[in-house]
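Remarks on the structure that follows.
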Amino acid sequence: MKKLLRFIPAFIIMAVIFFFSAQDADSSTQLSDSIVSITAGEENVGIRFFTVIVRKGAHFLEYAALGAALCFGFLGVFPEKRFRLFGFSSLSGIAYAVTDEIHQYFVPGRACMAADVLLDGFGAVAGVLAVMLCIKVFRGLGKKQ
């Protein structure tokens, strides 16, 4: 049971991703535009480009968070098996990215895009690698003392 509790952050992030993916195109665009207007101000120069950066950056970061949370969860299952930890965490994040894009196919105005699966997958792997790097650093610090 304790091992299952370690996955709660991943399940919460999955729910948030599902919520954002369930928004129709107009709601999603409105949210992105509001974030862009806060960060870029009211200037219209390059606003389209900045909007794309914000949207794709959000994809990458939400999946990096998911990858990190999955790695934390699987750390309870594979505490000493780094290859399995990396594999299960990364593949779970990528699998969720695939199902997320399939889900978006059925949402009005949204599309299923392979490029988004790639970006989300890279984000998940980056999150997993970040956690694994932290584990390595902190375990190394513990051994030096």
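The values are calculated or read from the model by the stated rules, or taken from the named source; none is laboratory data. Since the structure is predicted, the reported quantities are computational estimates derived from the model, not experimental observations. Here the Cβ positions follow ideal geometry from the backbone for every residue, glycine too, while neighbour counts run over all protein chains shown.
For the structure I just gave you, tell me whether Val36 is farther than 19 Å from Val117 by Cβ and modelled with pLDDT under 95.
yes
Exactly one condition in (1) modelled with pLDDT of 90 or more; (2) in contact with a Gly (Cβ under 7 Å, 6 or more places away or on another chain) is false for Phe74; which is it?
(2)
Quick one: in the range 67-122, which of the residues that are part of a loop (DSSP other than H, G, I, E, B) and β-branched (Val, Ile, Thr) is nearest to Ala22 (Cα to Cα)?
To start, the set of residues in the range 67-122 that are part of a loop (DSSP other than H, G, I, E, B) comprises 76-81, 106-113.
Restricting the remaining residues to those that are β-branched (Val, Ile, Thr) gives 77, 107.
Numbers: Val77: 31, Val107: 6 Å.
Among them, the one singled out is Val107.
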